[in-house]
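The structure appears below as structure tokens.
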Amino acid sequence: MFNRVGVRLINQVRNASSKTEIGVVGVPFEKGQRKVGVGNAPKVMRDAGLINSLKQIHDKIDVKDYGDITYSIDHDISNAVPNMIMYEHMVACAKALSKQVTEILNDGRICLTIGGDHSIAVATVDGHIQAKSNVALLWIDAHADINTNLTSTSGNLHGMPVALLTKELSDYWPYLPGMDWQKPVMSIRNVAYIGLRSVDSFERLLIDNMGITAFGMEEVEKFGIDQCVHMALEKIDPTHSKSIHVSFDIDSIDSLEAPSTGTPVRGGLTLREGIHLMEVIHKTGRLSAIDLVEVNPSIGTKHNVDLTVSAAIHIIAAAFGYSRKGLRPKVDDLPIQTPPSST
Ligand SMILES: NC(=[NH2+])NCCC[C@H](N)C(=O)O
Ligand SMILES: [Mn+2]
Ligand SMILES: [Mn+2]
């Protein structure tokens, strides 16, 4: 039923892509900021076909959905730390999420975390470090999220995760009850920002004084997204040996293309730039974890939500090898019969 050309074609298809195992976890958490809705993003993203879009990328993708994070809070620590709203919720959710991320990575899978607001990245990065120790972090965001409870003007925890994670900032915090499990062991040298355009005054001071790697929209404009991603990776992973974590805040994308988010800022990355960035990271072969956060399906019209969710799915698919060049057929899709594997 198949000729020599057919056999060659089948073998090409079989060898086209390498095995990729993905573990998905949903985090319906929205207490790191004050707007309702962002906690529904895992459901909305799954309903929009996220898991299937991943499976469609190529034959050798295996997706396991670990479901959503649940947690129960310790009321004793509410209001324990000044200017950290709903602190006890973040603490409890983060503890459960960190464990889940470690488990997914130890299962040999790339961890895809669907938020929730950006405070959940404290847990995903912590869980990643538990499993792989040598981690480089790309923070794709309009915001720097490096406030402490003393510098934040909002008290919103989604503006604080980078400060909670990094050892250079650990002295700036008071004692954080319930967070003893989380060790701020990541060096700020292993963190790079892309997409910044709404940075608070103390955040700017820190970025400048500590020499934190940051490619804001000015740099994206000046060098182009391709150069920015390569320069960022060179800075945080010069030996090309680290386990890469991408924490992707959907508000990094321009609010015209991703409007349904809690703190939108005009003048951001285009969807094309977001996709390209992820394509570059995919090609490193060292991507271990992605967070996709801050999609809020309660903000804007249905059209706004559809735009935002589909932008998020495009970005995620690019990270797992979806190519705009077009994908080769899967073995099952070939118009010729598959030969027995012995031939
Ligand atoms: N993950 C986000 N969208 N963060 C927005 C943070 C906004 C502001 N810098 C704050 O600390 O409140
Ligand atoms: Mn943001
Ligand atoms: Mn953010």
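A few notes on this one:
- Taking the chain as a Gaussian network of alpha-carbon nodes connected by springs under 10 Å, the highest mean-square fluctuation of the residues ASN52, ASN83, ASN296 belongs to ASN52.
- Cα-based convex hull volume of region 192-296 per residue, rounded to whole Å³: 100
- Anisotropy class of region 21-319 from Cα gyration tensor, a/c 1.5 cut: rounded
- Stretched out straight at 0.36 nm per residue, the stretch from GLU218 to HIS303 would grow longer than its current Cα-Cα span by 27.6 nm.
- What a 1.4 Å probe finds exposed on region 21-319 is 51% carbon and sulfur by accessible area, rounded to a whole percent.
- Sequence-distant contacts, meaning Cα pairs under 8 Å at least 6 residues apart, place the relative contact order of region 132-241 at 29 percent.
- J(HN,Hα) series, region 190-196, from Karplus relation 6.51 cos²θ - 1.76 cosθ + 1.60, nearest Hz, glycine and proline x: 9, 10, 9, 9, 9, x, 4
- Helix axis angle, 225-236 relative to the chain longest principal axis, alpha carbon, degrees: 70
- Cα-based helix-to-principal-axis angle, 4-14 vs the chain, degrees rounded to 10: 10
- Ranked by the mean number of other Cβ atoms within 10 Å per residue, highest first, peptides 220-232, 114-126, 132-144, 236-248 order as 114-126, 132-144, 236-248, 220-232.
- As a length-normalised measure over Cα pairs under 8 Å and 6 or more apart, the relative contact order of region 187-263 settles at 33 percent.
- The modelled label-to-label distance between ARG266 and HIS230, using points 7 Å beyond Cα along the C-beta direction, is 3.3 nm.
- Acute angle (nearest 10 degrees) that the helix 87-106 long axis makes with the longest principal axis of the chain, alpha-carbon atoms: 30
- Placed amide H near ASP62: partners under 5 Å, 5+ positions off or other chain: THR20, GLU21, ILE22
- Annotation: peptides 176-188, 37-49, ranked by per-residue average of other Cβ atoms within 10 Å with the highest first, follow the order 37-49, 176-188.
- Extension gain from ASP74 to LYS60, taking 0.36 nm per residue of separation minus the Cα-Cα distance: 0.8 nm
- Unsatisfied cross-links (Cα-Cα over 27 Å) in the set LYS19/LYS222; LYS283/LYS330; LYS31/LYS60; LYS99/LYS235; LYS55/LYS132: LYS19/LYS222; LYS31/LYS60; LYS99/LYS235
- Under the criterion of Cα pairs below 8 Å and six or more residues apart, the relative contact order for the chain equals 21 percent.
The values are calculated or read from the model by the stated rules, or taken from the named source; none is laboratory data. Treat the numbers as computed from the prediction; the structure is a model and nothing was measured. All Cβ positions, even for glycine, are placed from backbone atoms using ideal geometry, and neighbour counts span all protein chains on display. For accessibility, only protein heavy atoms count, side chains too; no ligands or nucleic acids. Shrake-Rupley method; radii C 1.70, N 1.55, O 1.52, S 1.80 Å.
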